[in-house]
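Student: Have a look at this one.
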Amino acid sequence: MSTPGELHRKALRLEWLTIAYLVSAVALLSVSRGSSQAMKAVWFEAILSPGPPIAFLVAARILRRPPSRRLPYGYHRAVSVALLCVSLSLFALGLLVLYDSVSRLMQSEHPPIGLVDPFGTGPLWLGWLMLPALAYSTLPAAFLGRAKLPLARGLHDRVLLADAEMNRAGWLTAGAAMLGVVGVGLGLWWADAVAASVVALNITRDGWKHLRVAVDDLMDQEPTVVDHAAVDPLPRPLDG
């Protein structure tokens with residue numbers, strides 16, 4: 001069985017790997033997103049996705065600091081503060097993208113996904129570039145999320161758990177965006193805005209879920225297991 005120190009080192013390596021991967025995914029989405037609303041929503045989510053791993057890395061450094069006169073109880077709240085900042089950003093972004101997507105749908109805006117010539121070999125429908133970019137933005141993330149879950153539970157780290165769950169569930173946003181792009185290609189103008197709305201709802205749901213967890217922690221809620229599925233059994237025998 002791995003020690004907490006070994007689990008923590010593995011988590012740090014995975015988070016650095018995640019950040020490097022997400023930067024490449026954002027770059028790929030940036031050059032292929034065109035004017036698609038669904039691609040724009042996925043791109044926004046990808047830009048915020050490094051937030052949880054960065055928060056984990058920052059909190060990991062702050063937690064090592066010794067108590068000070070100003071903070072006599074140490075820095076153990078750093079994880080909750082980091083989770084609060086990330087989840088609030090996600091929640092706000094989700095609402096913004098949802099409003100934008102629904103507005104475009106109500107205005108019957110027809111998103112153009114035109115032709116490009118990226119390789120100098122003739123015109124190519126931009127959707128054929130969007131689909132691989134969307135696949136790249138979710139498949140590696142799903143494997144990273146699966147690898148982080150046991151580490152998050154072993155370390156009882158809620159920021160790492162939130163990051164793992166977002167990575168693992170990324171297929172929903174990418175899948176919705178793919179359907180939107182294909183729908184526009186088939187002449188269904190509304191498919192792009194509907195797909196963007198689905199992506200925005202998923203972003204908002206993630207943000208709200210982890211925002212509640214962060215606020216509960218800062219309000220000294222009864223201790224629970226890392227995923228809040230049950231009350232932590234450890235304090236009961238200590239209470240006698």
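The values are calculated or read from the model by the stated rules, or taken from the named source; none is laboratory data. Being a predicted model, the structure only gives us computed values, none of them experimental. We place every Cβ from the backbone using ideal geometry, glycine too, and count neighbours over all the protein chains shown.
Student: For residues that are under 27 Å from Arg77 (Cβ atoms) and among the polar types (S, T, N, Q), scanning just segment 1-58, find the one that is modelled with the highest pLDDT.
Tutor: Among those residues, the one meeting the criterion is Thr18.
Student: On to the next question. Can you find a residue that is outside any helix (DSSP H, G or I), crowded, with 21+ Cβ neighbours inside 10 Å and in contact with an Asp or Glu (Cβ under 8 Å, 6 or more places away or on another chain) anywhere in segment 143-166?
Tutor: No, that holds for no residue.
Student: Given the residues Asp216, Asp227, which is the only one that is under 22 Å from Asp163 (Cβ atoms), assigned to a helix (DSSP H, G or I), acidic (Asp, Glu) and modelled with pLDDT under 85?
Tutor: Result of the check over Asp216, Asp227: Asp216.
Student: Among the residues of segment 118-128, are any surrounded by fewer than 21 Cβ atoms within 10 Å (Cβ to Cβ), within 16 Å of the chain's Cα centre (by Cα) and not in a helix (DSSP H, G or I)?
Tutor: No, there is no match, as no residue in segment 118-128 is surrounded by fewer than 21 Cβ atoms within 10 Å (Cβ to Cβ), within 16 Å of the chain's Cα centre (by Cα) and not in a helix (DSSP H, G or I).
Student: What pairs come up if the first residue lies in segment 136-163 and is at positive phi, the second is surrounded by fewer than 21 Cβ atoms within 10 Å (Cβ to Cβ), and their beta carbons are under 9 Å apart, counting only those six or more places apart or on different chains?
Tutor: His156/Val225; His156/Val226; His156/Asp232
Student: Wholly within segment 1-97, which helices (runs of 4 or more DSSP H) include no fewer than the required count, namely at least 2 residues that are more than 20 Å from the chain's Cα centre (by Cα) and closer than 20 Å to Leu155 by Cα?
Tutor: Correct list: 4-32, 51-62.
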